[in-house]
Structures are given as structure tokens and as C-alpha cells.
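Single-structure report; data block below.
The values are calculated or read from the model by the stated rules, or taken from the named source; none is laboratory data. Everything quoted here is computed from the prediction, not taken from an experiment. Quick reminder, even Gly has a Cβ in these numbers, built from the backbone with ideal geometry, and neighbours come from all protein chains shown.
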Amino acid sequence: MSASADKKPLNIAVLTVSDTRTEATDTSGQYLADSVRAAGHTLVEKTIAIDDIYQLRAIVSRWIADPAVHVILGTGGTGFSGRDSTPEALTPLFDKVIEGFGETFRALSVAEIGSSSLQSRAFGGLANRTVIFCMPGSTGACRTAWEGIIRDQLDSTFRPCNFAPIVLGSYAH
């Protein structure tokens, strides 16, 4: 059996956090949705929500509680300006924090945007066997995160490890 035959598609929801974007202007969320499909996964929902802690928690809590949603990809609301509150909204929902996601994202970003990478509050976590990756709102940042980290970590054939067995419930405890 080839590695591609062993690949297990995941069900993924995409959340764009923005007070101004619409479906027509949401290039970051659309990039993630297109990337999810291109990788052979299923896009179960894509939504845009304003940067409001309680609205974000409500949407993500619904997805976390749904056993059919394996992964949540969030874009936007991770900076330091204005109403950016995605980390404050979502980290209380986590059972475990994926420390390495933010660290690795910022390390990759240094090559692209230099010291401005320190203003990224990209983060990840695990809640109810749902993996959550949140990244900045720019399409470039989403591309960096997807191509440099997320795509491989959602690929059930990627070695030495990936998140697929954890979210699919096939990970030996």
C-alpha cells in the first residue's frame, strides 16, 4: 500500500477574525480553505467573525464540541493593535497548548519580515481532541504557517509524527 493510500483526510473549519473583511475580501481565509481542499482534507465550514472574545469563543466552542470537526484554522486577531483578542478568546478553551507552533511560526517569519515577527502572537492548542492553529491575518502569514508547519502536521503520512492520530482518536494513550 502506498503512503498516499494511507493518507487520512481530516475535517477542517476555517475562522477569519476581522471587523472589516467580507467573503469577497477574505483572501487569508480563502487561501486556507483552498489549501485544505488541495491537501485532500474536507472543509466543513468557513466563517468570518468580528474580533469579539465571546463570539469567537461561541463559534470555536461549537466546533470543539462537534466530533466531526478535527481541526480549526484561525486567521486574524493575533496582533497587538486595536481589538486583537484571538489569543485571549481561545486559549482558555485549550486542554493543552502547542508551544512549538508559535515558536516555529515566528522563527520561519524572521526570514520574511525580520524583527517584526516578534509582534505575532500565533498560537496553537488542543481541545477535546480538536487541534487549533491560529495565525496572523495576512495571506503571507497564512502561507508561511500552512506551508512551513500545518500542512505536514495534518498529513497522516508525515513522519516522525503528526496530529492526525490524535484528532482521529487512533493515538495510543
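Restricting to the range 40-55, what's the tally of residues that are surrounded by fewer than 19 Cβ atoms within 10 Å (Cβ to Cβ) and part of a loop (DSSP other than H, G, I, E, B)?
3
Is it true that Arg37 is touching a helix residue (DSSP H, G or I) at 6+ places or on another chain (Cβ under 6 Å), surrounded by fewer than 19 Cβ atoms within 10 Å (Cβ to Cβ) and assigned to a helix (DSSP H, G or I)?
Considered against the rule, which asks whether it is touching a helix residue (DSSP H, G or I) at 6+ places or on another chain (Cβ under 6 Å), surrounded by fewer than 19 Cβ atoms within 10 Å (Cβ to Cβ) and assigned to a helix (DSSP H, G or I), Arg37 comes out as no.
Taking the range 53-87 on its own, how many of its residues are of a type in the set (D, E, K, R) and modelled with pLDDT of 95 or more?
Result for the range 53-87: 3.
Quick check: anything in the range 22-34 among the aromatic types (Phe, Trp, Tyr), loosely packed, with under 13 Cβ neighbours inside 10 Å and in a helix (DSSP H, G or I)?
No; the residues of the range 22-34 include none that is among the aromatic types (Phe, Trp, Tyr), loosely packed, with under 13 Cβ neighbours inside 10 Å and in a helix (DSSP H, G or I).
Would you point out the residue of the range 70-87, among those that are in a loop (DSSP other than H, G, I, E, B) and in contact with a helix residue (DSSP H, G or I) (Cβ under 8 Å, 6 or more places away or on another chain), that is surrounded by the most Cβ atoms within 10 Å (Cβ to Cβ)?
Step by step, filter the range 70-87, then rank; the result is Gly77.
Please identify the pairs in which a residue from the range 6-19 that is crowded, with 24+ Cβ neighbours inside 10 Å has its Cβ atom under 8 Å from the Cβ atom of a residue that is assigned to a loop (DSSP other than H, G, I, E, B) and of a type in the set (A, V, I, L, M, F, W, C), counting only partners at least 6 apart or on another chain.
Filtered contacts from the range 6-19: Ile12/Val69; Ile12/Leu154; Ala13/Val69; Val17/Ile50.
Out of everything in the range 100-140 that is more than 13 Å from the chain's Cα centre (by Cα), farther than 19 Å from Tyr31 by Cα and among the aliphatic types (A, V, I, L, M), what residue ends up being surrounded by the most Cβ atoms within 10 Å (Cβ to Cβ)?
Residue satisfying both the conditions and the ranking: Ile113.
Residue by residue, here is whether (1) over 18 Å from Thr16 (Cα atoms); (2) assigned to a helix (DSSP H, G or I); (3) in contact with a Phe, Trp or Tyr (Cβ under 6 Å, 6 or more places away or on another chain) holds:
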residue: Arg57; (1), (2), (3): no, yes, no
residue: Arg62; (1), (2), (3): no, yes, no
residue: Ala89; (1), (2), (3): no, yes, no
residue: Gly124; (1), (2), (3): no, no, yes
residue: Thr144; (1), (2), (3): no, yes, no
residue: Gly148; (1), (2), (3): yes, yes, no
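Any residue in the range 126-151 that is under 17 Å from Val110 (Cβ atoms) sitting within a Cβ distance under 8 Å of a residue that is acidic (Asp, Glu)? List the pairs, counting only those 6 or more apart or interchain.
Between residues of the range 126-151 that are under 17 Å from Val110 (Cβ atoms) and residues that are acidic (Asp, Glu), the close pairs are Gly140/Glu112; Thr144/Glu112.
What do you reckon, is Val131 at pLDDT 95 or above and part of a loop (DSSP other than H, G, I, E, B)?
no
Just to be sure, is Asp26 modelled with pLDDT under 95 and more than 14 Å from Phe133 (Cβ to Cβ)?
So Asp26 fails the test.
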